[in-house]
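Note sheet for the following structure.
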């Protein structure tokens, strides 16, 4: 009697295989970027979708394809939030849900403020990562993006924050979505009218980048390909577009800063509790 060769193609394994998306409970915390602004949900009126919802959909679909239960998902992100309120208000709620994956993306609203202390922000972020990792959950972070035009003045600050973030990830075994390095995000066409939030295609691409950051194959292999040649605007058209942007988006932002208000005042999380994803 011969012993089956474990390397033979004819050998049938009875060991269970791990699901291709091993996480069962995912909670996203953050600001407007994770809330998903400028990505209207195709089936739910007055609801934003966004990269985190799209990532949850992809992870859940893979679990179901493997014969596993759908992913449980919650999104606590609220537009306008600074990093410390995100960590003070959203993180405890996230940890109470006992997730095995938490995405923490924030700090962009802080960096837009002249008095922001980047190293202090980074310290707060590291404390949060340590708390999450202590539970055994995985952490997904994201770098800041490289700004162009009127936002290019933030690049030095964002660069320091990104360097600290990569160090935090290395120290504590976190995953990182490299928004700074994404080709498509260097193209203004990936950004909405306000120039600080993504278009639906931009959110799609970031969700694919997040899959890659988690060590998974993307659903869309072209997720980081450049958008192609854009039609160049005349100087007059650029000036008109910049004027309209400043009037429609910059001026209201300045008024909120001067009056101490936030675009997220009075808002609550869109998906405050874990539920099977996507929701019916």
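The table below gives the values:
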{"item": "Hey, residue 205 modelled with pLDDT under 90, touching a helix residue (DSSP H, G or I) at 6+ places or on another chain (Cβ under 8 Å) and surrounded by 16 or more Cβ atoms within 10 Å (Cβ to Cβ) or not", "result": "no"}
{"item": "Subset of the range 98-122 (residues that are part of a helix (DSSP H, G or I) and over 20 Å from the mean Cα position of the chain (by Cα))", "result": "119, 120"}
{"item": "So residue 151, is it modelled with pLDDT of 95 or more and either over 19 Å from the mean Cα position of the chain (by Cα) or crowded, with 17+ Cβ neighbours inside 10 Å (or both)", "result": "no"}
{"item": "Boolean, residue 80 is in a loop (DSSP other than H, G, I, E, B), in contact with a helix residue (DSSP H, G or I) (Cβ under 7 Å, 6 or more places away or on another chain) and surrounded by fewer than 20 Cβ atoms within 10 Å (Cβ to Cβ)", "result": "yes"}
{"item": "Unique match (being assigned by TED's automatic domain parsing to the domain that holds residue 216 and more than 24 Å from residue 182 (Cβ to Cβ)) among 133, 79, 54", "result": "133"}
{"item": "Residue list for the range 196-214, filter: closer than 17 Å to residue 35 by Cβ and outside any helix (DSSP H, G or I)", "result": "196, 197, 198, 199"}
{"item": "Contacts under 7 angstrom Cβ, first residue in the range 78-92 being closer than 15 Å to residue 117 by Cα, partner part of a helix (DSSP H, G or I), 6 or more apart", "result": "82/109; 82/110; 83/110; 83/121; 83/124; 83/125; 84/124"}
{"item": "Residue match in the range 170-178 (condition: under 23 Å from residue 96 (Cα atoms) and out of contact with any helix residue (DSSP H, G or I) (no Cβ under 6 Å at 6 or more places or on another chain))", "result": "yes"}
{"item": "The lone exception for residue 233 - which of (1) modelled with pLDDT under 65; (2) in a helix (DSSP H, G or I) it fails", "result": "(2)"}
{"item": "Filter result for the condition that a residue is under 16 Å from residue 268 (Cβ atoms) and assigned by TED's automatic domain parsing to the domain that holds residue 165, over 34, 60", "result": "34"}
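Yes/no per residue for (1) in a helix (DSSP H, G or I); (2) crowded, with 20+ Cβ neighbours inside 10 Å:
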{"residue": "29", "(1), (2)": "no, yes"}
{"residue": "37", "(1), (2)": "no, yes"}
{"residue": "45", "(1), (2)": "no, no"}
{"residue": "56", "(1), (2)": "yes, yes"}
{"residue": "59", "(1), (2)": "yes, yes"}
{"residue": "70", "(1), (2)": "no, no"}
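The values are calculated or read from the model by the stated rules, or taken from the named source; none is laboratory data. Keep in mind it's a predicted model, so treat the numbers as computed, not measured. Don't worry about glycine lacking a Cβ; one is built from the backbone with ideal geometry, like all the others, and counts go over all protein chains shown.
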